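Every read-out reported here was derived from the displayed coordinates using simple, explicitly stated rules and does not represent laboratory data. Everything quoted here is computed from the prediction, not taken from an experiment. Every residue, glycine as well, gets a Cβ built from its backbone with ideal geometry; the counts of neighbours run over all protein chains shown.
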Amino acid sequence: MNAIIITGTAGSGKSLLTSRLLELYKDNNAFPISLNLDPGAVSLPYEPDVDVRDIINIENLMQEYGLGPNGSLIMATDMISTRLEEIQEQVDKLNPDYVIVDSPGQIELFVFRTSGPYFVSNFQAENKVNLFTFDSLLSTSPINFVVISLIATSVRLRLGISQIDVMTKRDLIIDKLHDILSWSNSKTAIEQSLSKEKDTQYSVLAQELLRGISRCNMFFNPILISNLTMAGMTNLSASLSRILAQGEEVLD
């Protein structure tokens, strides 16, 4: 079983990407399942095969502990690690080729607290990979691109597994696509764009952060995809294959 864990900022398209990956693997005669780890999800674009909401109920936590919505969500997300054995058992019973893990919408609750790294480290799978979703609408300025790259670097350090960076909603940024591609492919190009920013202080800080990321060989070249048109999914599936199947599996 291979585990594909999807992380990213709120609204970056994690759940929709989960549904698209399920379609992709099913169309290629594999057996994928979905694991929803977001206890606060109201609706999802797919039917979870394993759902943390069946195990942890936010409304019950609010009533039992007198918590508000935010407090109960924090508690519920922290409880995921305590229910890992139960979640693992449900996944193993289905015996999938792939489990697509849709992480909580609030990335700070999952990645930057204890429960997320614990879950990722102790969830049993032959291979694991994290897909970090850049929200393209938030990446249309060079400073924002660097900021989200810094978040992606933090996630990579926190989870400690292979990571593929994906930029979603490419169809919504057609007019900015050329700029983003140049920033992704050339450190010089993004440094030149940063130097044109009006706020010199923020520009210098962003450039220093970028250089720090680059010195660690973590310069970002995210795969651009559209969850609506499926554009870019071939490139994503090839990258997943290189990590999970040593490039032996090619999806159409």
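Rg/Rh for segment 127-181: what does it come to with C-alpha atoms and Rh from Kirkwood?
Values: Rg = 12.0 Å, Rh = 11.8 Å.
Using only Cα positions, Rg/Rh for segment 127-181 is 1.02.
Quick check: pseudo-label points 7 Å beyond the Cα along Cα→Cβ at residue 181 and residue 31, how many nm apart are they?
4.1
What residues qualify as long-range amide H neighbours of residue 131, i.e. H under 5 Å apart, gap of 5 or more or another chain, H built at 1.01 Å from N?
5, 6, 7, 164
Would you please state which residues of segment 163-185 a label at residue 196 would reach in this model, taking the label point 7 Å out along Cα→Cβ and a backbone N cut-off of under 11 Å?
179
Using alpha-carbon pairs under 8 Å, 6+ residues apart, how would you state the relative contact order of segment 49-151 in percent?
Numbers: 56 pairs, mean separation 23.6, N = 103.
Answer for segment 49-151 is 23 percent.
In what order do 20, 83, 156, 215 fall by count of nearby beta-carbon atoms within 10 Å, going from fewest to most? Before the final figure, lay out each step's value.
On the way: 20 22, 83 14, 156 19, 215 9.
The order, fewest Cβ neighbours first, is 215, 83, 156, 20.
Mind listing the long-range amide H neighbours of residue 33? Cut-off is under 5 Å, sequence gap 5 or more, other chains count too, H placed in the peptide plane at 1.01 Å from N.
98, 99, 100
When ranked by the protection proxy of mean other Cβ atoms within 10 Å per residue, highest first, what sequence do the peptides 144-152, 53-61 form?
Values: 144-152: 21.0, 53-61: 15.3.
The packing order, highest mean first, is 144-152, 53-61.
With label points built 7 Å along Cα→Cβ from the Cα atoms of residue 47 and residue 114, find their separation and express it in nm.
3.8
Please list, ordered by chain and number, the residues whose modelled amide H lies under 5 Å from the amide H of residue 223; skip anything fewer than 5 residues away on the same chain.
Correct list: 165, 166, 167.
Under the rule of -39500 (n - 2.57) per DSSP H run of 4 or more residues, summed and divided by the residues of the chain, what mean residue ellipticity at 222 nm is obtained, to the nearest 500 deg cm²/dmol?
Numbers: 11 runs with 120 residues, N = 252.
The helix contribution divided over the chain gives -14500 deg cm²/dmol.
Please report 119, 132, 112 as a ranked list, fewest other C-beta atoms within 10 angstrom at the top and most at the bottom.
Working: 119 22, 132 29, 112 14.
In order of increasing Cβ crowding within 10 Å: 112, 119, 132.
Please compare each pair in 169/198; 14/187; 128/176; 176/196 to a cut-off of 23 Å on the Cα-Cα distance and tell me which ones are over it. Don't jump to the answer; show the numbers that get you there.
Working: 169/198 27 Å; 14/187 27 Å; 128/176 32 Å; 176/196 16 Å.
Among 169/198; 14/187; 128/176; 176/196, the Cα-Cα distance tops 23 Å for 169/198; 14/187; 128/176.
Tell me the Kirkwood hydrodynamic radius of the chain in angstroms, computed as one over the mean inverse distance between distinct C-alpha pairs. Don't jump to the answer; show the numbers that get you there.
Values: mean 1/r = 0.0527 Å⁻¹.
Here the Kirkwood hydrodynamic radius works out to 19.0 Å.
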